[in-house]
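**Student:** A single structure is presented below for examination.
Nothing in this text is a laboratory measurement; each read-out follows from the coordinates by a stated rule. Because the structure is a prediction, the values reported are computed rather than measured. Here the Cβ is made from the backbone with ideal geometry for all residues, glycine too, and neighbour counts use every protein chain on show.
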Amino acid sequence: MVFVTDGGFLVPSLVAASQLLAQRIDEIADIIIYTVDVKPELLDKLRQHNPRLRFEDMPADLFLPPENVDFVKNHVPVTSLARLALQEVMDKKYTDIVYIDGDVQVVGDVRRLIQCQVPEGKIMAGLGSAWLDDGKDEVATPRGYLEALGGIAPADYFNAGVLAFSAETWRENALKTLHFFFANSSACIRHDQSALNAVFKDNVVHLPPKYNFHSVYADLGVQQHYQPAIIHFTGPNKPWGRPAAPWWGSFRHSYRALIAQQPYLAGFLKIDGENAMETSLRRAKRWLKHRPPIAARDDKIARFNSYVRKNSFPC
């Protein structure tokens, strides 16, 4: 199990890792957090206070874009590219890898995910959101985006927040993916996720949505009848921030609890304290105003239900 983070996502990654420890995942897999630009003395403290986790330093020069390469500025840090350099630092004893983003909550059993073996040359990932409307939402899937990545079909485009692959597959393809990003950064508006989709086109094994239950699924409300195992907070509304639909801040306690246990981490994450009723009501009104029409939403829910019912997933 692998996380890659800088200081900005250090606490969230630790929270997710601690949730894996609560399931005793460390009995069947090592849990490693690769850190970028984290000082050695902090790494020493992390190792002291989290003996069931492994912490490894990753040099930034392994993945940082050259000066002539643009990285589209949004809520995604440049450090997201670091996973494309894992093959440079990972112990060669590891044969099968599961990567998880830090902006998640592990809320269900993930053992089958950890134990699943992915065929050589393929990557296992959950679908993004383009498949739900055939790529017609130009905010989520800008016109020409999928074509620029090699003509990926909306039904094949994946979200890269949870990935599984063999170490050999990563050694063969990660650097190729990084170079694709460097050469096509203007097309890679979703950064390394864009490049991964281009490089692994036609070589994707689909994860069930429960292991990468991203915000589009949550906004549809399908969690009322479909139980997620890993909730992935895609977009700018993170679970440690201000209350936002549809979870309304219900996960912030886990970040507060970890910082209370390890106070030296207090400066690494701002947990928004604003929880007034008027704030929640204001956000609820905004959320309701911008929700898609009922008919469109019902169509997406029907598509989601059909997808999980008709597909035989590997884990």
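**Student:** Students often forget the sequence filter, so: which lysines lie under 27 Å Cα-Cα from residue 45 once same-chain residues fewer than 8 apart are removed?
**Tutor:** 92, 93, 238, 270
**Student:** Still on this model: Where in the chain are the helices, taken as whole DSSP H runs, whose Cα atoms extend 27 angstrom or more along the long axis and whose Kyte-Doolittle mean reaches at least 0.0? Write out the running numbers ahead of the final one.
**Tutor:** Numbers: long enough: none.
What comes out of the filter, once short or polar helices are dropped, is none.
**Student:** Moving to a separate point now. Stretched out fully, how many nm does the piece from residue 312 to residue 39 gain, at 0.36 nm a residue minus the Cα gap? Write out the running numbers ahead of the final one.
**Tutor:** Numbers: separation 273, 0.36 × 273 = 98.28 nm, distance 4.49 nm.
Between residue 312 and residue 39, full extension yields 93.8 nm more.
**Student:** How much length is gained on full extension from residue 48 to residue 186, taking 0.36 nm per residue of separation minus their Cα-Cα distance?
**Tutor:** Length gained between residue 48 and residue 186: 45.4 nm.
**Student:** Separate question: Which of the aspartates and glutamates could a cross-linker bridge to residue 201, judged by Cα under 13 Å and excluding same-chain residues fewer than eight apart?
**Tutor:** Leaving aside aspartates and glutamates fewer than 8 places away in the same chain, those within reach of residue 201 are 147, 156.
**Student:** Could you list 64, 127 in order of exposure, starting from the residue whose Cβ has the fewest other Cβ atoms within 10 Å?
**Tutor:** Ascending number of Cβ neighbours within 10 Å: 64, 127.
**Student:** Same structure again: Once you have a ≥ b ≥ c as the square roots of the Cα gyration tensor eigenvalues for the chain, tell me rounded if a/c is under 1.5, and otherwise prolate or oblate according to whether a/b is larger than b/c.
**Tutor:** Judged from the Cα gyration tensor, the chain comes out rounded (a/c under 1.5).
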